[in-house]
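*Asks:* One structure coming up, written as structure tokens, with questions to follow.
The values are calculated or read from the model by the stated rules, or taken from the named source; none is laboratory data. Predicted model only: the values in this text are computed from it and were never measured. All Cβ positions, even for glycine, are placed from backbone atoms using ideal geometry, and neighbour counts span all protein chains on display. For accessibility, only protein heavy atoms count, side chains too; no ligands or nucleic acids. Shrake-Rupley method; radii C 1.70, N 1.55, O 1.52, S 1.80 Å.
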Amino acid sequence: MHWYVVASFLTILTSSQGILTTLSQSNGAYKYDYATVPFLAEVFKLIVSSMMLWRECQASTPPKITTDWRSVRLYPIPSVIYLIHNNVQFATLTYVDTSTYQIMGNLKIVTTGILFRLFLRRKLSNLQWMAIVLLAIGTTTSQVKGCGETSCESLFSSPIQGYMLGILSACLSALAGVYTEFLMKKNNDSLYWQNIQLYTFGAMFNMAKLTTDDLRSGFENGPWWRRLFNGYSATTWLVVLNLGSTGLLVSWLMKYADNIVKVYSTSMAMLLTMLVSVYIFNFKPTLQLFLGIIICMMSLHMYFAPPTVLVDLPLTAKASPESVGEVSGDQKTTS
């Protein structure tokens, strides 16, 4: 399967994620414990990956599976990074408002490109660097509201701690993605075996989080496993399936494409979500939204198009044998 097909599916699923989550609410509130959704998504990914690995093992050529502890011990690290990232997110929101946080989140586009270059040693052309910066500008433009509004005025009025935490959050998000790509490509192990290792630790960390939340509340609502499916509706299960399927597609891109493709997919998904929200939630489109979409499309073309399409290179005429002979003869005469 080509990477752009997977990236297109990822864009569609990511864009519908926020819409499904909103539709799963009842009277503006969640009837279910939304902390259980990531856990069930990890379990879903683990089950699907186990089934696919079992299917691979039935083939005539069994897949490569590395069970050495020195390799397995690297797989909890992305979960630890994401755990720290989630805590930094909450800390950032104590200093900045939601609009400022969303705009600062676009920094992860640039930080992903920088870490992609530093840690994975992937060289990007000047045009590709310009495209990445344009993507960050385009997504930011689409999120900025009209001048004179509260969110616009408060963009640069937050404490310095908020901006520092926002930069740290962007770096952690990029680091988790780049490190995951490193894990997926460091050997020729089966993709599904690598997924099993990632999602096993992911499920364990989510279980630990649910248990910690219960301990903090003094088990006021009982242990989490007893209320795991309380309040779940068909839409809630769609949220779980959507989140799980998105994770599986991301792991495929990490194995066979790269982080930049994922960044473009998720960025385009954000813009697609805004467009769909116009029809579903009566969201009012702004001029900034359309300008942001145009800039992002230009960035997409600039990054993935061949350089010969973007730049008109002069044609170098090949010298004919007769002209070469004339030149050499003139040189002899001159000498």
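*Asks:* Please give the per residue accessible area of the chain, computed with a probe of 1.4 Å over protein heavy atoms only, in Å².
*Replies:* Each residue of the chain exposes 58 Å² on average to a 1.4 Å probe.
*Asks:* Please turn the phi angles of segment 239-250 into ³J(HN,Hα) values with the Karplus equation 6.51 cos²θ - 1.76 cosθ + 1.60 (θ = phi - 60°), one per residue in order, whole Hz, x for glycine and proline.
*Replies:* 4, 4, 5, 5, 5, x, 5, 4, x, 5, 5, 4
*Asks:* Please give, to one decimal in nm, the separation of the simple spin-label points placed at Ile65 and Thr308, each 7 Å out from Cα toward the Cβ.
*Replies:* With each label point 7 Å from Cα toward Cβ, the separation is 4.6 nm.
*Asks:* In addition: I'd like the Karplus ³J(HN,Hα) series for segment 132-144: coefficients 6.51, -1.76, 1.60, θ = phi - 60°, whole numbers in Hz, and an x wherever there's a Gly or Pro.
*Replies:* Values, residue by residue: 5, 5, 4, 4, 4, 5, x, 5, 5, 4, 5, 9, 6 Hz.
*Asks:* Moving to a separate point now. From Cα pairs below 8 angstrom and at least 6 apart in sequence, can you work out the relative contact order of the chain, rounded to a whole percent?
*Replies:* Contact order relative to length: 37 percent.
*Asks:* For the pair Ile294 and Glu220, how long in nm is the line joining their label points, each one 7 Å along Cα→Cβ?
*Replies:* 5.1 nm
*Asks:* Another question, if that's okay. Taking the Cα centre as origin and putting +1 on Lys and Arg beta-carbons and -1 on Asp and Glu beta-carbons, what dipole magnitude results for segment 55-197, to the nearest 20 debye?
*Replies:* Here the size comes out at about 660 debye.
*Asks:* Ok, one more. For a quick check of understanding: with a 1.4 angstrom probe and all protein chains in place, what accessible area in square angstrom does Leu215 have, to the nearest ten?
*Replies:* Spelled out: Leu215, probe radius 1.4 Å, area about 110 Å².
*Asks:* What's the magnitude of the charge dipole for the chain around its Cα centre, counting Lys and Arg as +1 and Asp and Glu as -1 at the beta-carbon? Answer in Debye, nearest 20.
*Replies:* On the way: 23 positive and 17 negative charges, 132 e Å.
For the chain, the charge dipole is close to 640 debye.
*Asks:* Report, by chain and number, residues whose modeled amide H sits under 5 Å from the one on Phe283, excluding near sequence neighbours (fewer than 5 apart, same chain).
*Replies:* Sorted by chain and number, the residues that satisfy this are Val278.
*Asks:* Return the FRET efficiency for the residue pair Ala91, Val133: r is the Cβ-Cβ distance, R0 is 22 Å, and the value is rounded to the nearest 0.05.
*Replies:* It comes to 0.20.
*Asks:* Let me ask something else. Sorting Leu183, Leu310 by accessible area (1.4 Å probe), largest first, what list results? Provide the component values of the computation, followed by the final result.
*Replies:* Numbers: Leu183 0, Leu310 60 Å².
From most exposed to least exposed: Leu310, Leu183.
*Asks:* Using θ = phi - 60° and the Karplus relation 6.51 cos²θ - 1.76 cosθ + 1.60, list the HN-Hα couplings for segment 81-92 in order, rounded to whole Hz, with x at every Gly or Pro.
*Replies:* Once rounded to whole Hz, the list reads 5, 5, 5, 5, 4, 5, 5, 5, 4, 4, 5, 5.
*Asks:* Additional query: Express the carbon and sulfur contribution to the solvent-accessible surface of the chain as a percent, rounded to the nearest whole number, probe 1.4 angstrom.
*Replies:* 65 percent
*Asks:* Now a separate question. Please name whichever of Tyr303, Val178, Leu210 sits farthest to the positive end of the charge dipole of the chain, dipole taken about the Cα centre and charges placed at Cβ: Lys and Arg +1, Asp and Glu -1.
*Replies:* Result: Leu210.
*Asks:* Here are a few candidate values for Rg/Rh (Cα atoms, Kirkwood Rh): (1) 1.02; (2) 0.95; (3) 1.09. Which one was actually calculated from the structure I just gave you?
*Replies:* Read-out from the structure maps to (3).
*Asks:* Under a 1.4 angstrom probe, counting protein chains only, how are Tyr192, Tyr32 ranked by accessible area, largest first?
*Replies:* Greatest to least solvent exposure: Tyr192, Tyr32.
*Asks:* How would Cys296, Cys171 rank on accessible area, largest to smallest, probe 1.4 Å?
*Replies:* Order by accessible area, largest first: Cys171, Cys296.
*Asks:* For the cross-link pairs Lys45/Lys262; Lys31/Lys262; Lys262/Lys284; Lys123/Lys262; Lys123/Lys185; Lys64/Lys262, which exceed 20 Å when the distance is taken from alpha carbon to alpha carbon?
*Replies:* Over 20 Å Cα-Cα: Lys31/Lys262; Lys262/Lys284; Lys64/Lys262.
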